[in-house]
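A short worksheet on the structure shown next.
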Amino acid sequence: MLYLLIKINLEDKLADYDSLKQAVVDGDAAKVADLIQQALDRGDGPQQLLDEALIPAMDVVGENFSKGQAFIPEMLIAARAMQSGLALLKPLLAAAGGGHTRGKVVVGTVKGDLHDIGKNLVATMLQGAGFNVVDLGSDVKPTKFVEMVRTEMPDFIMMSTLLTTTMPSMKETIAALKEAGLRKGVKIGVGGAPVTQRFADEIGADFYAPDAMGAVAKAKELLTA
């Protein structure tokens with residue numbers, strides 16, 4: 001009888017996790033928050049919910065995008081739904097010592113550029129993939145990136161821009177990190193509408209990503225290299 005009860009409870013939990021993952025994919029933020037709270041109330045751990053529901057759900061979203069079955073609006077909606085779950089889990093993860101993450105990423109739109117939609121999507125997708133993200137916002141000066149590398153010791157810096165006129169800020173940031181003696185300790189990724197692989201190579205970035213999923217995939221690849 002005990003075995004049967006355990007089996008039934010496990011099956012119920014798996015069904016709930018499937019529902020939670022689907023709610024993220026569907027972009028149903030209210031349902032995500034409700035299911036997360038129900039799982040926490042019955043004793044599920046925040047790290048378990050992150051690892052077994054939210055991260056796999058965002059992996060599905062990324063795969064759908066890669067296959068052309070989802071587009072940026074759908075990704076943004078799913079990302080917002082995932083954030084509604086993270087809002088409940090983050091305080092609990094912090095209280096438990098932060099939980100384990102794939103790595104730390106500092107993201108920001110470079111100096112002179114106030115656009116942040118692309119950067120926000122990258123930050124959210126990274127969080128959904130299990131990375132610890134420090135979001136500096138937009139119009140970020142090279143000195144701010146240097147300060148964050150010194151204090152946060154991230155695995156990655158990811159810089160974004162939408163304007164050709166602010167692309168030189170990426171090169172300036174890399175030069176500032178070199179001058180501060182911090183360049184070798186961090187991988188640098190760049191992206192945004194006017195940015196290309198050739199430009200990334202020219203300024204000495206470690207990688208270029210054409211979109212949010214590309215940035216996540218490259219970060220995963222470099223961490224395991």
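According to the square roots a ≥ b ≥ c of the eigenvalues of the Cα gyration tensor, what is the shape class of the range 159-216, taking rounded for a/c under 1.5, prolate for a/b larger than b/c otherwise, and oblate for the remainder?
oblate
So which residue, out of Asn132, Asn64, Asn120, gets the largest mean-square fluctuation from a GNM of the chain using Cα contacts under 10 Å as springs?
Taking springs between Cα atoms under 10 Å, the residue moving most is Asn64.
Let me know the charge dipole size of the chain about its Cα centre in debye, to the nearest 20, where only the beta-carbon of Lys, Arg (+1) and Asp, Glu (-1) is charged.
Here the chain has a charge dipole of around 700 debye.
With r defined as the distance between the Cβ atoms of Asp16 and Val134 and R0 fixed at 41 Å, what FRET efficiency is calculated, to the nearest 0.05? Provide the component values of the computation, followed by the final result.
Details: r = 32 Å, r/R0 = 0.77.
My answer for the efficiency is 0.80.
Under a point-charge model restricted to the Cβ atoms of Lys and Arg (+1) and Asp and Glu (-1), what is the dipole moment magnitude of the range 30-94 relative to its Cα centre, in debye to the nearest 20? Provide the component values of the computation, followed by the final result.
Details: 5 positive and 8 negative charges, 38 e Å.
Taking the Cα centre of the range 30-94 as origin, the dipole is about 180 debye.
Shape call for the range 104-224 from the C-alpha gyration tensor, a ≥ b ≥ c root eigenvalues: rounded (a/c under 1.5), prolate (a/b greater than b/c) or oblate?
Rounded is the answer for the range 104-224, as its axis ratio a/c remains below 1.5.
Identify which of Val140, Val25, Val105 has the largest mean-square fluctuation in a Gaussian network model of the chain, with springs joining Cα atoms closer than 10 Å.
Val140
Taking Cα atoms, how many degrees apart are the long axis of helix 168-179 and the longest axis of the chain, rounded to 10 and kept between 0 and 90?
Once rounded, the angle reads 90 degrees.
Rounded to the nearest 0.05, what FRET efficiency do Leu40 and Glu147 have when you use their Cβ-Cβ distance and R0 = 41 Å?
So, using R0 = 41 Å, E works out to roughly 0.70.
Measure nothing fancy, just the Cα-based angle from helix 2-26's long axis to the longest principal axis of the chain, in degrees from 0 to 90, nearest 10.
Result, in degrees: 40.
Using θ = phi - 60° and the Karplus curve 6.51 cos²θ - 1.76 cosθ + 1.60, what whole-Hz ³J(HN,Hα) does each residue of the range 68-74 get, with Gly and Pro shown as x?
Using θ = phi - 60°, the values come out as x, 9, 8, 10, 3, x, 5 Hz.
Can you list which of the chymotrypsin sites (Phe, Trp or Tyr not before Pro) found in the range 79-182 are DSSP loop residues with at most 12 other C-beta atoms within 10 Å?
Here no chymotrypsin sites (Phe, Trp or Tyr not before Pro) fit, given the DSSP loop and packing criteria.
Tell me, how many Å apart are the Cα centres for the range 196-225 and for the range 19-87?
When both Cα centres are located, 25 Å separates them.
Please build a GNM for the chain, connecting alpha carbons under 10 Å apart, and tell me which residue among Ala180, Ala209, Ala81 fluctuates the most.
Top of the fluctuation ranking is Ala180.
Expressed as a rounded percentage, what relative contact order does the chain have, with Cα pairs under 8 Å and six or more residues apart?
17
Label points 7 Å out from Cα along the Cβ direction at Ala30 and Gln48: separation in nm?
My value for the distance between the label points is 2.8 nm.
The numbers here are math on the coordinates, done by the rules we state, and not lab data. Here the structure is a predicted model, which is why all the values come from computation and not from measurement. Cβ sites come from the backbone with ideal geometry, for glycine too, and all protein chains shown count toward neighbours.
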